């Protein structure tokens with residue numbers, strides 16, 4: 001296996017949040033930053049996960065670590081390695097924690113030797129970077145096997161789990177038992193929702209931190225409408241004539257670049273024009289995201305909005321190293337798309353975005369979300385749902401499932417529309433039709449969603465919570 005790699009994260013000024021959050025909240029951030037510059041002056045804070053590209057964890061780390069550095073925290077990021085067998089196992093663990101495995105498919109005794117062997121390899125690699133007294137945040141099941149090794153090294157160890165389910169019975173409980181032998185010695189635990197913590201976790205050392213976004217990242221910064229159109233025209237998602245506007249995007253460090261890549265689009269017709277309402281779901285090609293269900297609900301139950309199109313947008317599956325099911329799920333979606341009646345199929349487009357340049361990818365997603373008439377997240381289950389947060393920040397109308405962390409973000413009828421049963425395709429179609437057919441409602445929900453995102457889901461809140469946890473655990 002390749003060696004563990006350190007990710008270059010740079011540093012970004014906290015001051016850029018002031019226009020978004022206001023002077024009063026910024027003053028509180030400055031107090032925390034002043035404490036951190038003294039309290040953590042001799043402590044390195046390492047974040048360890050399994051990929052630097054694709055997925056919510058990588059996005060969260062990119063969104064907070066550069067600002068943590070400006071706050072005086074020596075924040076760093078390492079990416080572990082694994083082989084296909086390891087990632088197939090951790091995908092089973094992921095599915096098990098969401099209750100998606102049949103009885104008998106959950107990880108068990110036969111899986112421990114290989115999981116432990118890959119963890120031991122990565123533990124040796126981590127010792128090249130981490131020293132006694134460092135603070136280590138290990139993210140998700142891929143890193144659980146590193147807890148004891150880092151504790152023995154003399155580091156202060158927090159295991160951060162971004163996934164889970166409100167129900168702790170059956171296959172979910174059995175999957176937690178697989179992880180239990182690895183994470184028990186951690187000094188602290190962080191979950192996205194309180195309900196995700198298994199019953200055997202020491203609650204006195206357990207904290208709840210909702211994820212957040214960086215509003216100034218390539219995925220979230222404000223893009224002029226003409227540039228949105230230029231980017232979408234270039235990648236091939238909308239049909240339009242020539243324009244003098246270049247598809248320029250802004251990198252995280254402020255530098256400008258031009259979108260060079262194009263999307264791979266499965267479509268049997270001309271892509272829609274700029275004036276055609278476009279419904280969008282952006283997510284990994286993952287069964288939990290139910291892209292095929294979105295397609296079927298759109299095709300079968302959207303009546304009276306005949307001109308609307310649907311774009312299911314995911315990453316190029318070859319660019320997401322820790323998700324071996326991505327190619328299979330994409331193939332399933334293509335098969336389901338081919339089975340649609342021709343007239344329905346003409347209004348559905350499967351879009352795979354290039355991953356070679358992660359900031360270019362993010363900028364394309366930004367443009368797609370800003371252009372969307374409605375952003376959808378019809379997940380069967382969702383640990384948190386950062387694509388919902390991103391759409392809220394952009395003020396977009398949202399139709400989503402009342403599951404997991406999505407219900408913590410949106411109050412139905414106030415910040416968006418939630419469907420109670422994500423498998424009920426008629427309920428989904430009705431909510432989508434209501435949003436597309438009532439522009440005043442869509443605008444009002446979008447405005448409310450943006451206000452809520454500013455208060456609750458920007459990175460400065462996340463940063464303040466983490467510094468508070470570090471203070472409590474270090475005394």
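Nearest 10 degrees, 0 to 90: what angle lies between the long axis of helix 439-456 and the longest principal axis of the chain (Cα atoms)? With both axes taken from Cα atoms, the answer is about 10 degrees. Here the relative contact order of the stretch 281-393, from alpha carbon pairs under 8 Å that lie six or more residues apart, stands at 38 percent.
Which of the three applies to the stretch 90-204, rounded, prolate or oblate, going by the alpha-carbon gyration tensor with a ≥ b ≥ c and a/c under 1.5 meaning rounded? Cα axes put the stretch 90-204 in the oblate bin. Nearest 0.05, what FRET efficiency do residue 332 and residue 474 give at R0 = 45 Å with Cβ-Cβ as r? Efficiency computed from Cβ-Cβ geometry: 0.45. Computed over the chain, relative contact order equals 15 percent, with contacts defined as Cα pairs under 8 Å that lie 6+ residues apart. Report, in degrees rounded to the nearest 10, the 0 to 90 angle that the Cα long axis of helix 291-301 makes with the longest principal axis of the chain. It works out to around 30 degrees. From the alpha carbon centroid of the stretch 113-144 to that of the stretch 49-75 is 18 Å.
Modelled this way, with points 7 Å down the Cα-to-C-beta line, the labels at residue 239 and residue 225 are 2.2 nm from one another.
Percent antiparallel among DSSP beta bridges with both residues in the stretch 225-456, to the nearest 5?
Values: 6 of 26 bridges.
Counting DSSP beta bridges with both partners in the stretch 225-456, the antiparallel share is about 25 percent.
Which whole-angstrom value gives the distance between the alpha carbon centres of the stretch 161-210 and the stretch 429-450? Using only Cα atoms to place each centre, the spacing works out to 36 Å. Taking the square roots of 5 times each eigenvalue of the Cα gyration tensor of the stretch 131-283, largest first, gives ellipsoid semi-axes of 45, 21, 13 Å.
Mean residue ellipticity, 222 nm, helices only, the chain: the sum of -39500 (n - 2.57) across DSSP H runs of n ≥ 4, divided by residue count and rounded to 500, is -13000 deg cm²/dmol. Using Cα-Cα distances under 8 Å and only pairs 6 or more residues apart, what relative contact order does the stretch 225-456 have, in percent? Dividing the mean separation by the residue count of the stretch 225-456 yields 21 percent.
Cβ neighbours within 10 Å, averaged per peptide: list 255-261, 293-299, 85-91 in order, most packed at the top.
So the order, starting with the most tightly packed, is 293-299, 85-91, 255-261.
To the nearest 10 degrees, how steep is helix 358-371 against the longest Cα principal axis of the chain, on a 0 to 90 scale? Helix 358-371 sits roughly 40 degrees off the main axis of the chain. Put the Cα centre of the stretch 365-405 next to the Cα centre of the stretch 223-239 and the gap is 20 Å.
Here each label is just a point 7 Å from Cα along the line to Cβ, and for residue 408 and residue 262 those points are 4.2 nm apart. Shape class of the chain from the alpha-carbon gyration tensor: prolate, with a/c at 1.5 or above and a/b greater than b/c. Footprinting exposure proxy ranking of 212, 379, 267, fewest other C-beta atoms within 10 angstrom first, gives 267, 212, 379.
Simple spin-label estimate for residue 166 and residue 275 gives 4.4 nm between the two label positions (7 Å along the Cα-to-Cβ direction from each Cα).
Can you bin the stretch 225-456 into rounded, prolate or oblate? Criterion: square roots of the alpha carbon gyration tensor eigenvalues sorted a ≥ b ≥ c, rounded for a/c under 1.5, prolate for a/b above b/c, oblate for the rest. Judged from the Cα gyration tensor, the stretch 225-456 comes out rounded (a/c under 1.5).
None of the figures in this text is laboratory data; all of them are computed from the coordinates on show. Computed from a prediction, not measured in an experiment: that's the story for all the values here. Positions of Cβ are generated from backbone atoms using ideal geometry, with glycine treated the same way; all protein chains shown enter the neighbour counts.
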